1. It is to be established whether one or more residues within region 15-32 are over 20 Å from Leu91 (Cα atoms), free of Cβ contacts under 8 Å to residues at least 24 places away in the same chain and not in a loop (DSSP other than H, G, I, E, B).
2. Before we move on, is Ala109 in contact (Cβ under 8 Å) with a residue 12 or more places away in the chain, farther than 20 Å from Gly33 by Cβ and not in a helix (DSSP H, G or I)?
3. For region 62-81, state whether one or more residues are part of a strand (DSSP E or B) and free of Cβ contacts under 8 Å to residues at least 40 places away in the same chain.
4. Determine whether Gly100 is at pLDDT below 95, small (Gly, Ala, Ser) and either under 20 Å from Ser47 (Cβ atoms) or outside any helix (DSSP H, G or I) (or both).
5. Is it the case that region 6-25 has a residue that's on the phi < 0 side of the Ramachandran plot and in contact with a Lys or Arg (Cβ under 6 Å, 6 or more places away or on another chain)?
6. Is it the case, given these coordinates, that Thr103 is among the hydroxyl-bearing types (Ser, Thr, Tyr) and surrounded by fewer than 17 Cβ atoms within 10 Å (Cβ to Cβ)?
Amino acid sequence: MAETGASFAENARIKAQAFMQATGLPALADDSGLEVMALGGAPGVRSARFAGEDADDAANNTKLLAMMQGIQDRRARFVCVVCLAFPDGTLLWGEGTVEGEITLAPRGAHGFGYDPLFFSPELGKTFAEATPEEKARVSHRARALHTLAQRLRAHLRTA
């Protein structure tokens, strides 16, 4: 499915509504990516395609490091937005972030995407150096789902 939205929220909504319409059942979808402050939030919604439509993780990381060369402000964050679409038109949302910074070179052998470049102060290491359990503890996806769960509970109490 084409992710044509201008924001993580738009992409999550597009996907959730498409699956909900195809099945007639409530559907959950997400969109996520990396935002680098010194790059005005890039790669953002283009995180997976940052170095081009057919780019792989290595190409995206290489492009990011090249663009960050000489930049002192290396603050970044992973963002995840989840959308739960119901057949009655109701949309519920959750957003999660994890703050960090871009390293000068890749570190670690775990994870995927920008994990080798993303240093998490909460963990004291890059996501690629972290175990899956450590990474899950600070995950932007887990935080987004937690927020959605709270909103879903509130919605069900009032429905």
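The values are calculated or read from the model by the stated rules, or taken from the named source; none is laboratory data. Keep in mind that this is a model prediction, so the values were computed, not measured. Here Cβ is always computed from backbone atoms with ideal geometry, including for glycine, and neighbour counts include all displayed protein chains.
1. Scanning region 15-32 turns up no residue that is over 20 Å from Leu91 (Cα atoms), free of Cβ contacts under 8 Å to residues at least 24 places away in the same chain and not in a loop (DSSP other than H, G, I, E, B).
2. It is true that Ala109 is in contact (Cβ under 8 Å) with a residue 12 or more places away in the chain, farther than 20 Å from Gly33 by Cβ and not in a helix (DSSP H, G or I).
3. Yes, region 62-81 contains a residue that is part of a strand (DSSP E or B) and free of Cβ contacts under 8 Å to residues at least 40 places away in the same chain.
4. no
5. No, region 6-25 contains no residue that is on the phi < 0 side of the Ramachandran plot and in contact with a Lys or Arg (Cβ under 6 Å, 6 or more places away or on another chain).
6. So Thr103 fails the test.
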